[in-house]
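Structure, as structure tokens:
The values are calculated or read from the model by the stated rules, or taken from the named source; none is laboratory data. The shown structure was predicted, so the numbers you read here are calculated from the model rather than taken from an experiment. Using ideal geometry, Cβ is built from the backbone for each residue, glycine included, and neighbour counts are taken over all protein chains shown.
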Amino acid sequence: MKTDLYVIGIGASAGGLEALTDFISHLPSDLESNACFLVAQHLSPTHRSMLVQILARESSFPVQEAKDGEFLEAGKIYITPPDSDIQVSQNKILLSILFFKFIFCKKSIHSLCFLRDIYLSSANKLI
């Protein structure tokens with residue numbers, strides 16, 4: 001019997017590290033069988049992020065940087081690279097390199113402010 005994969009999208013500002021680590025450290029382990037998490041954080045596209053390593057210390061779930069073309073798996077946390085936007089289509093990660101690297105803004109996060117959320121709406125269309 002196939003179970004649905006629930007994709008939980010989490011967006012944070014550059015100053016949201018404490019909130020992210022607190023949230024990740026309190027995830028219930030029973031989500032492991034049918035849910036995964038996509039994390040996108042506002043960071044300079046040229047910033048070397050340590051978010052994967054920081055969140056991995058706080059989580060019982062495996063944490064990894066999202067890779068373009070990778071299929072989502074239950075029980076994992078995917079971190080959007082600093083220089084990319086993330087979308088999901090048919091259970092597959094689609095990364096696009098930020099065109100305006102000097103703006104320091106991910107469309108996938110910025111659009112939350114304007115209710116045009118490409119990131120979360122694509123997660124809604126997985127199946």
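Points to keep in mind about this one:
- When SER89, SER25, SER44 are checked against the criterion of being over 15 Å from VAL7 (Cα atoms), in contact with a Ser or Thr (Cβ under 9 Å, 6 or more places away or on another chain) and modelled with pLDDT of 55 or more, SER25 stands alone in meeting it.
- Boolean, LEU120 is closer than 20 Å to PRO45 by Cβ, buried (at least 17 other Cβ atoms within 10 Å of the Cβ) and either at pLDDT below 55 or aliphatic (A, V, I, L, M) (or both): no
- Flag if LEU126 is out of contact with any Pro (no Cβ under 7 Å at 6 or more places or on another chain), at pLDDT below 95 and surrounded by fewer than 18 Cβ atoms within 10 Å (Cβ to Cβ): yes
- Any hit, the range 70-77, residues being among the aromatic types (Phe, Trp, Tyr) and surrounded by 16 or more Cβ atoms within 10 Å (Cβ to Cβ): no
- Count - residues of the range 78-94 that are crowded, with 19+ Cβ neighbours inside 10 Å and more than 20 Å from ASN34 (Cβ to Cβ): 8
- Considering residues of the range 1-41 that are under 14 Å from the mean Cα position of the chain (by Cα) and among the polar types (S, T, N, Q) only, the residue surrounded by the most Cβ atoms within 10 Å (Cβ to Cβ): GLN41
- Pairs meeting the criteria (first residue in the range 26-47 and within 12 Å of ILE8 (Cα to Cα) and touching a residue at least 40 places away in the same chain (Cβ under 8 Å), second residue small (Gly, Ala, Ser) and in a strand (DSSP E or B), beta carbons under 7 Å, at least 6 apart or on different chains) are LEU38/GLY9; ALA40/GLY11.
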